[in-house]
């Protein structure tokens, strides 16, 4: 979801205040390191760790929103909350240091307006160069998703299960041998988080399919959404009609379908069999014998033979 103007203004205000606090803390640290002392120095211990300080309550609020969005069914312990706060503060401080350093460099090289204090420079610098400066909501979201275990399907929420089903379906439609379920689970997590789209994953799988099905490469290149199953659909539909079965019951590893998708092995140089050849194989397959059409043909043949011998049929 895009950041609103109000949210951006609030974020910049927070950065401005915290940047000023950080600058003051750093100046104090530098002065103490140089040996300067005044009354109250022993009580002044401000450091980078005070930047964007997160309380337990605010941490719980951030995490609760992330839990709801991810439909996470697990429970966070006090240890988890403390771990989140520690990691949050570390990353926030790290990013703030980068912003402050760049802003200070900008001031020292004269690129900021004369008379402008460092906090104003930092606020301006963040607006222009760090528009996505430390998104607390995203950090909480990533923390919760790191705890979602896609190997334990019973623990997954609806969004995660849907993403896993989608990812597995895509791999199945490409009929890929070189993609493990563990890789599918990683992709499903990214899809559920929103960091990868279904289309992105489809394109990734198509690139793998080009290597596994070299004779189909040119057809794949025409459409980045085209799957192996879609290419094979005319053959599948022909078999389904010939054998009088549901097309969904015919898999891509069916010998006749496979001979069309991987003709002559993996070199990609042998042309696929013609439609007539495939139809001939389908007609001669034992599955054809159990169809109504086959029974009708047999009955017609029997009647014709009886008539040929003078039968009164």
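Only the coordinates and a few stated rules stand behind these numbers; no lab work does. Quick caveat, the model's predicted, so the values are computed rather than measured. Cβ placement follows ideal geometry from the backbone for every residue including glycine, while neighbour counts extend to all protein chains displayed.
Using only C-alpha positions, report the orientation-averaged shadow area of the convex hull of region 229-295, nm², one decimal.
The orientation-averaged projected area of the Cα hull of region 229-295 comes to 4.5 nm².
May I ask you to order 222-228, 76-82 by the average number of other C-beta atoms within 10 Å around their residues, highest value first?
222-228, 76-82
Quick one: Debye curve from the C-alpha atoms of region 165-259, no solvent, what's log10 I(q)/I(0) at q = 0.11, 0.18, 0.24 Å⁻¹?
Relative scattering, expressed as log10 I(q)/I(0), comes to -0.34, -0.84, -1.22.
For region 153-212, state the semi-axes of the equivalent ellipsoid (square roots of 5 times the eigenvalues of the alpha-carbon gyration tensor), sorted largest first and rounded to whole angstrom.
Semi-axes, largest first: 20, 12, 8 Å.
How would you order 245-251, 204-210, 170-176 from highest to lowest mean count of nearby Cβ atoms within 10 Å?
Final packing ranking: 170-176, 204-210, 245-251.
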